[in-house]
Amino acid sequence: MKTISADKIKKAVEDLCIRANLFLRKDVLLALRRAYREERNGRARRIIAALIKNADVASSEGLAICQDTGMPVVFLEIGQNVRVSGNLQKAVNRGIESGYRKGALRNSVVREPLSRKKAGFTPGIIHTDIVEGDKLKVTVLPKGFGCENKAQLKMFNPTAEWREIKEFIISAVKNAGPDACPPYIVGVGIGGTADYAMFLAKKSLLSKVPNARKAKSKIEKELLDELNKLRIGPMGLGGDATVLAVHISTFPTHIAGLPVAVNISCHALRSQTKIL
Amino acid sequence: MKEIKTPLRQEDIRKLKAGDEVSLTGVIYTARDQAHKRLLEALKMRRKLPFDFKGQIIYYCGPTKTPRGKVIGSCGPTTSSRMDEFTPALIKAGLKGMVGKGRRAKKVREAIKKYRGVYFITIAGAGALLSKFVKRSDLIAYADLGQEAIYRLYVKEFPLIVAVDSSGKSVFKD
């Protein structure tokens, strides 16, 4: 049994919140640079260049990459041989509070969703998973809501064809159009239950963005190519760079259904991980 | 690159065409969802507005906290379509320009055409970079809304693209 103190977890979350919001993920930065090199539309190239410069200004001047520092989504993979001393949930939320405060980030969370009252930094959305081993893996994904608002879920019939599913995913990206800061990274969850499909779609965004127009599987590649044919482009003004990556995660599901969830990320896909 | 100043003059607005790249110098006002709700209430109740709309521009933006030693934090645009239900009434009341990201509803494009206004977009997801164009920031209304309050910003050569011009023409396909 290994003991990890709540304080250590708090400090890790604090650090991850700051790093995620100030330093663009290296894979995302490389993907933007590749998009810049490959882009044929002059205006789109200039916009991508501005996004790369933005990442540079953010890291060198200690500014958030985007003013929407998101609703913090925290993934915890807890080894079954780990014992946490203290309150885990409080530790995570205190880490968020302190990281967002120190990083001069935005208090974008309202405590009361209907009255819209009490804006603050927390609570974050915490997903926990119990895994083998004696480590605790903490990942912070600050999810901006320009793109979160474009998430879609559809419960297909089990007899649905891949073509129909593909059309649904493409229509979700079309619907986001110029509004949610393209070029996008598209997370797709297929299977499980309604809630689990969306969780899978969200978690897919943590996958590495490939540094070439390639994908892990044939269907991801097919989607990537078709989505880029939409030519939404940076800021929605047209261009080759519409989607930087498509990540599909699947899970067993029920004989009576086929849940498909799409969770889109803007080009400022931010996340950081630490293993304790 | 066309250069414009605020308050916007009708002859300047007329020259702006959808797709033009523009550099803006002058005062703009931040307002997003909750501030729009209040502005509309103020208009309905005939209460005094926090600033005179005449020839002015609203920027759909809720900046981060201001880091020490900076004028403002990260301050990029938020999605404009969420303001669509409020915008026509504000335009009717004299507002001339809006800055945000993404598409606008038909009723907004029609109001822009009818009252000869203009809708701009700016680099979305580049809040750190855009903060360099803001030279001054003052809280002027709805302080209780925090980052959603109305700030008066003085911007210098702020980069914009005309997304809907005064003839109602849009850079986006519907």
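The values are calculated or read from the model by the stated rules, or taken from the named source; none is laboratory data. Since we're looking at a predicted model, the values are computed, not measured. For neighbour counting, all protein chains shown are included, and Cβ atoms are generated from backbone atoms with ideal geometry for every residue, glycine included. What goes into the accessible areas is simple: the full protein's heavy atoms, side chains included, and nothing from ligands, DNA or RNA. Shrake-Rupley method; radii C 1.70, N 1.55, O 1.52, S 1.80 Å.
If R0 is 25 Å, the Cβ-Cβ spacing of A:ASN87 and B:ASP144 corresponds to a FRET efficiency of close to 0.20. When only Cα pairs under 8 Å and 6 or more residues apart are kept, what is the percent relative contact order across region A:212-276? Across region A:212-276, relative contact order equals 23 percent. Label 7 Å along Cα→Cβ of B:SER167; region B:1-28 residues with amide nitrogen under 20 Å? Of the residues in region B:1-28, B:1-3, B:9-22 have backbone N under 20 Å from the label point off B:SER167. On a per residue basis, chain A carries 43 Å² of accessible surface, using protein heavy atoms and a 1.4 Å probe. Accessible surface of the protein assembly as shown, 1.4 Å probe: 51 percent of it comes from carbon and sulfur atoms.
Amide H contacts of A:ILE126: A:VAL74, each under 5 Å away and 5 or more positions distant or on a separate chain (H built 1.01 Å from N in the peptide plane; Pro and chain starts excluded). Rolling a 1.4 Å probe across the protein heavy atoms gives region B:7-71 an accessible surface of 51 Å² per residue.
Extending 7 Å from the Cα toward the beta-carbon at both A:ALA160 and A:THR193 defines two label points whose distance is 1.9 nm. Per-residue shielding of B:140-152, expressed as the average number of other chain Cβ atoms within 10 Å of the residue Cβ, stands at 2. Interface residues of region A:65-100, defined as those with an accessible-area decrease of at least 50 Å² between the chain by itself and the complete set of protein chains (probe 1.4 Å), are A:GLN67. Helical content alone sets the calculated 222 nm signal of the protein assembly as shown at -10000 deg cm²/dmol, taking -39,500 (n - 2.57) per DSSP H segment of four or more residues and averaging over every residue.
Peptides A:90-97, B:140-147, B:59-66 ranked from most to least packed give B:59-66, A:90-97, B:140-147, packing being the mean of other C-beta atoms within 10 angstrom over each peptide's residues.
For the peptides A:157-166, A:31-40, residues were scored by their other Cβ atoms within 10 Å and the scores averaged per peptide; the highest-first order is A:31-40, A:157-166.
Taking every residue in A:235-244 and counting other chain Cβ atoms within 10 Å of its Cβ, the average works out to 3. Accessible surface buried by the A/B pair amounts to about 2800 Å², both sides summed, 1.4 Å probe. Counting Cβ atoms of other protein chains within 10 Å of each Cβ in A:178-185 and taking the mean gives 5. Cross-link check: pairs A:LYS203/A:LYS229; A:LYS202/B:LYS101; B:LYS113/B:LYS135 evaluated at a Cα-Cα cut-off of 27 Å; pairs beyond the cut-off: B:LYS113/B:LYS135.
Normalised by the number of residues in chain A, the mean separation of alpha-carbon contacts (under 8 Å, six or more apart) gives a relative contact order of 27 percent. What residues of region B:117-133 lose no less than 40 Å² of accessible area with every protein chain in place versus their chain by itself (probe 1.4 Å, heavy atoms only)? Output list: B:ILE123, B:ALA124, B:GLY125, B:ALA128, B:LEU129, B:LYS132.
Charges were assigned to the Cβ only: +1 to each Lys and Arg, -1 to each Asp and Glu. The resulting dipole of the protein assembly as shown about its Cα centre is roughly 1160 debye.
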